[in-house]
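Only one structure is covered here, and it is reproduced in the block below.
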Amino acid sequence: MLTTEFDDGFKAFFEEVSQNGHYDSDIIKKAYELAAKAHKNQKRRSGEPYIMHPVAVAEILFKLGMDNECIVAALLHDVVEDTDYNLDYIKEHFGDDVALLVDGVTKLGKIPLSTREEVQAENIRKMFIAMNKDVRVIIIKLADRLHNMRTLQFMPDYKQREKSLETLEIYAPIAHRLGIRAIKDELEDLAVRYLDPIAYKEIEKHQYNPIEYIKSRIKSPESIVKKLKRYGYESSIDNMVDYINDIAGIRIVCSFTSDIYKLAEMIGKQNDLTVVSVKDYIKHPKESGYKSYHMLVTVPIFLSDRVVDTKVEIQIRTMAMDFWASLEHKIYYKFEGNAPQYISRDLRECSEIVSMLDAKMLQLNEAIIEARAAQEEDTDAV
């Protein structure tokens, strides 16, 4: 018999855990009771008791098949940071492994994710992974972010956009890197809902998300100054806007070539940016074999005294194109742009193979869609 106040929110989950012989239901119940006591007077922005959040995180991890220590740590992951209980108490009552997991999640929560000018998103992702020898810490943090994204509607608008951008730039790529497709897909869908409601409505309408993953980068102030000096210009916002086209870059990677043009059309219809130019390297590949769809757009940046339209480069390509481009970049970087002729020739041949693969995969996808539609028609007829 549970003794805490919010039994109903935990009961169904606890019953499911108790029926699974891989879990120690007694220690999980003990962790829940401590968390419920520690968070007793705390509420979420939704008005719900705070204990509902760690329980939801634990449920996400349980469905992923994570181990007993992971479930216990999920229930306790905010106790050290937000209540009077310390890490020594966790270690004494739940063991070293759980304490290490809780400590790891607490430390990850202190990384300044919004300091774009100081740390690039890729560096933050590397920091997440480097800081933790135990990958379970990162998986708990992903589950924590997933539940927070599921309840993001209770946050102010500016926080919704800030958290969604963090999710798209940092958490979803980490989930992708760890091979947790279910979390990666849901994080991206939830982030797009707040960052681009128009695109989200399109995805909802068609029940299909054409985006596999998104990469982004922002030039550091030092890099911008260096580039302006190389061009012979003084460092100023006006010169930055006029002469630098790649202050920020976004790479959208799709499943199929048809997705590329659909996304380009959707981006072009957005009223919060302006398309400056387009380069279609898919229909007109570079001599090297490079294929991608490039859009140069301007987006408004709100300064204290004015609004500045800033250029952003958007690249849209398939997974196969992205793989080829990444390999080409590594090869030419290794040879400092002067790769042997036979390597360049082989790369061009590989580019043709990539085109054939994209065409075949698109053909296969269209066949699957047709077969599914035929099945639905047969079912309706019956």
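Read the figures in this text as sums done on the coordinates, not as results from a lab. Just so it is clear, the structure is predicted and the values come from calculations on it, not from any experiment. Glycine also receives a Cβ, built like all others from the backbone with ideal geometry; neighbour counts cover every protein chain displayed.
Over the chain, what is the percentage of antiparallel beta bridges among all DSSP beta bridges, to the nearest 5? Working shown, then result.
On the way: 24 of 31 bridges.
Roughly 75 percent of the DSSP beta bridges within the chain come out antiparallel.
So what's the gap between the Cα centers of segment 138-179 and segment 320-351, to the nearest angstrom?
Result: 35 Å between the Cα centres.
Longest span of the chain, sites excluded, free of chymotrypsin sites (Phe, Trp or Tyr not before Pro) in DSSP loop with at most 14 other C-beta atoms within 10 Å? Walk me through the numbers before you get to the answer.
Values: sites that count: Y208, F335.
Counting only loop sites that pass the neighbour cut-off, the longest clear stretch is 1-207.
What list do you get for I343, I28 if you sort them by fewest beta carbons within 10 Å?
Working: I343 14, I28 22.
So the residues, fewest neighbours to most, are I343, I28.
When all C-alpha to C-alpha distances in the chain are sorted into bins of 20 Å, what percent of pairs does each bin hold, rounded to whole numbers?
22, 49, 27, 2
Determine the calculated [θ] at 222 nm for the chain from helices alone, applying -39500 (n - 2.57) to every DSSP H run no shorter than 4 residues and normalising by the residue count; nearest 500 deg cm²/dmol. If you can, show how the numbers build up before the last one.
Working: 18 runs with 228 residues, N = 382.
One gets -19000 deg cm²/dmol as the mean residue ellipticity at 222 nm.
In debye to the nearest 20, how big a dipole does the chain give about its Cα centre with +1 on each Lys and Arg Cβ and -1 on each Asp and Glu Cβ?
Values: 52 positive and 64 negative charges, 271 e Å.
It works out to roughly 1300 debye.
Please enumerate, by chain and number, the lysines with C-alpha under 25 Å from the C-alpha of K201, excluding those fewer than 8 residues away in the same chain.
Result set, ordered by chain and number: K159, K163, K184, K215, K262, K269.
Test of understanding: ordering D280, D358 by Cβ neighbours within 10 Å, fewest first, what list do you get?
D280, D358
Provide, for q = 0.08, 0.09, 0.20 Å⁻¹, the log10 of I(q)/I(0) from a solvent-free Debye sum over equal Cα point scatterers in segment 207-382.
-0.36, -0.44, -1.35
Relative contact order of segment 37-101: what whole-number percent is it, with Cα pairs under 8 angstrom and at least 6 residues apart? Don't jump to the answer; show the numbers that get you there.
Working: 54 pairs, mean separation 17.9, N = 65.
Computed value for segment 37-101: 28 percent relative contact order.
Output the relative contact order of the chain, whole-number percent, from Cα pairs under 8 angstrom with separation of 6+ residues.
Values: 449 pairs, mean separation 35.5, N = 382.
Computed over the chain, the figure is 9 percent.
In which sequence would V135, V72, V79 go, from the one with the fewest C-beta neighbours within 10 Å to the one with the most?
V135, V79, V72
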